[in-house]
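These notes concern the structure reproduced below.
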């Protein structure tokens, strides 16, 4: 069973490397609805376990590495999951009041536990703004 604890959405590299939790892929046209194949990422930095339901109803699971690309983002090579997906960049995000990760500025992954999706002790926590560069 996976730990359903919060994804700690921090912006410093040491904190990004300690990210842990679950994020659900949301529909592109409606960030309030989960994606039809129930895609999710179980994050335990520096690894991500990608999971989705296959057409036969069984879960597909594949581990991939996350690589820090800046103090506020990380890169994932999805080719072990699906060769055509290539690489993606994830940034901390808040969409319609929900904390999570945005993939390539388009696809939203909602943190499973919204009550603790941000560690508020860190003033650089990305809960209210998309502008990382203006944060000190």
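Numbers at a glance
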item: Cα→Cβ-extended label distance, 7 Å offset, between residue 98 and residue 30, nm; result: 1.1 nm
item: Potential extension, residue 55-residue 106 segment - 0.36 nm per residue separation minus Cα distance; result: 15.9 nm
item: Exposure proxy ranking, count of Cβ atoms within 10 Å, fewest first, for 106, 22; result: 106, 22
item: Least to most buried among 78, 85, 109 (fewest other Cβ within 10 Å first); result: 85, 78, 109
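Every number here is computed from the coordinates shown, using simple stated rules; none is lab data. Computed from a predicted structure; not experimentally measured. Don't worry about glycine lacking a Cβ; one is built from the backbone with ideal geometry, like all the others, and counts go over all protein chains shown.
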